[in-house]
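One structure is given below, encoded as structure tokens.
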């Protein structure tokens, strides 16, 4: 994947200006595209659009891709590209939509940068975009083909076979396909669920598969998102909380996600907060069955023991393994929590915990939480390449300070 010689020189000369105005470009791009193609509103998360996270993520991704095309010392963009492709496949994005995105993105560049966008500059950045797009299209085609999914019909209807109330705001759904068998998944992957909302819009959201692989059903565990500081409640989680009852039929994507349980026997460290516990539960279900002697350390932070989703199930999995240890942090009531090991009070602090040598780390939780955990683990001697993370929604990790 390489830019033409002419375009490489132009991109090198203009990358700084594009990066400086990247967020402004995407703020013009999205409204313009949605005005021309309102059907795409059903693909993009409207909440992330409203708070500006999606434009920031797109801006960061395009700029990072362009930089690695012109700088041989830039970080490998491959992992980011694969992560984006998994997200796109879970949303049912298909190749034809890239033409629409490209047209409106380059139009926004011209709008924001004005006369600085000469025909040569426009052609160079058009080349950048289509290298980016074709790489994604190829990876997404591979993912669709791997599960036998027709990109024109990416949603499979599933029936809610069972619902379990895990806490006041968290519930689990056991889903069974109306036709055929459950698609295979790797431990740690997620599916998207798309719902038709009362206002006539359709919105997808991604949820971790909280059950292990090899079953005739799949389970997702969902937290009803309540608005904070005046923000509205989560539309999709709220709809599912009210309507996803046994017998209901939901549109579900194929399993996606590149943060999955490896097949090695190296020690594993699982770091989570809040509803980020869901991939940890799936990983432990798999490990306790297939690798019960693997060294595992679990570190989890939550508001209180009562808010600790799937605690009892997780406790059973830990006890079923010969070298698994868990440590929890609770903001409230830590001293009275009936946990496997005494809970610590306050926010998670990994500065004095035991980290096994050669450990691989998997994290899931809010970005600020994972940033702090990553900094501490690197300070403990963990290689950054051994720290893996899952984020639902736009991935702003690259924009956050390490």
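Here are the numbers for this structure:
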| item | result |
| --- | --- |
| Residue match in region 300-307 (condition: within 30 Å of residue 75 (Cβ to Cβ), surrounded by 14 or more Cβ atoms within 10 Å (Cβ to Cβ) and either assigned by TED's automatic domain parsing to the domain that holds residue 168 or modelled with pLDDT of 95 or more (or both)) | yes |
| Residue in region 24-47 that is closer than 30 Å to residue 233 by Cα, in a helix (DSSP H, G or I) and at pLDDT below 85 present | yes |
| Test: residue in region 173-191 that is farther than 19 Å from residue 255 by Cβ, at pLDDT below 95 and assigned to a loop (DSSP other than H, G, I, E, B) | no |
| Residue identified as surrounded by fewer than 23 Cβ atoms within 10 Å (Cβ to Cβ) and under 20 Å from residue 222 (Cα atoms) among 315, 297 | 315 |
| Top-ranked residue in region 320-352 [being in contact with a helix residue (DSSP H, G or I) (Cβ under 9 Å, 6 or more places away or on another chain) and part of a helix (DSSP H, G or I); ranked as modelled with the lowest pLDDT] | 336 |
| Residue check for residue 355: touching a strand residue (DSSP E or B) at 6+ places or on another chain (Cβ under 9 Å), within 30 Å of residue 82 (Cβ to Cβ) and assigned to a loop (DSSP other than H, G, I, E, B) | yes |
| Candidate set from region 95-133 (those that are surrounded by fewer than 18 Cβ atoms within 10 Å (Cβ to Cβ) and without any contact (Cβ under 8 Å) to a residue 12 or more places away in the chain); member that is nearest to residue 191 (Cα to Cα) | 96 |
| Criterion: surrounded by 12 or more Cβ atoms within 10 Å (Cβ to Cβ) and either in contact with a strand residue (DSSP E or B) (Cβ under 6 Å, 6 or more places away or on another chain) or not in a strand (DSSP E or B) (or both) - qualifying residue of 168, 162 | 162 |
| Residue that is surrounded by the fewest Cβ atoms within 10 Å (Cβ to Cβ), among those in region 367-395 that are part of a loop (DSSP other than H, G, I, E, B) and modelled with pLDDT of 90 or more | 381 |
| Residue that is surrounded by the most Cβ atoms within 10 Å (Cβ to Cβ), among those in region 51-89 that are in contact (Cβ under 8 Å) with a residue 60 or more places away in the chain and within 15 Å of residue 40 (Cα to Cα) | 89 |
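Results for (1) more than 28 Å from residue 367 (Cβ to Cβ); (2) touching a helix residue (DSSP H, G or I) at 6+ places or on another chain (Cβ under 8 Å), shown as yes or no for each residue.
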site	(1), (2)
217	yes, no
221	no, yes
226	no, no
246	yes, no
286	no, no
290	yes, no
295	no, no
298	no, yes
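Conditions tested, residue by residue: (1) closer than 28 Å to residue 368 by Cβ; (2) in a loop (DSSP other than H, G, I, E, B); (3) within 20 Å of the chain's Cα centre (by Cα).
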| residue | (1), (2), (3) |
| --- | --- |
| 236 | yes, no, yes |
| 251 | no, no, yes |
| 254 | no, yes, yes |
| 270 | yes, no, yes |
| 288 | no, no, no |
| 294 | no, yes, no |
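The values are calculated or read from the model by the stated rules, or taken from the named source; none is laboratory data. Here the structure is a predicted model, which is why all the values come from computation and not from measurement. Ideal geometry is used to build each Cβ from the backbone, glycine not excepted, and the neighbour counts take in all protein chains shown.
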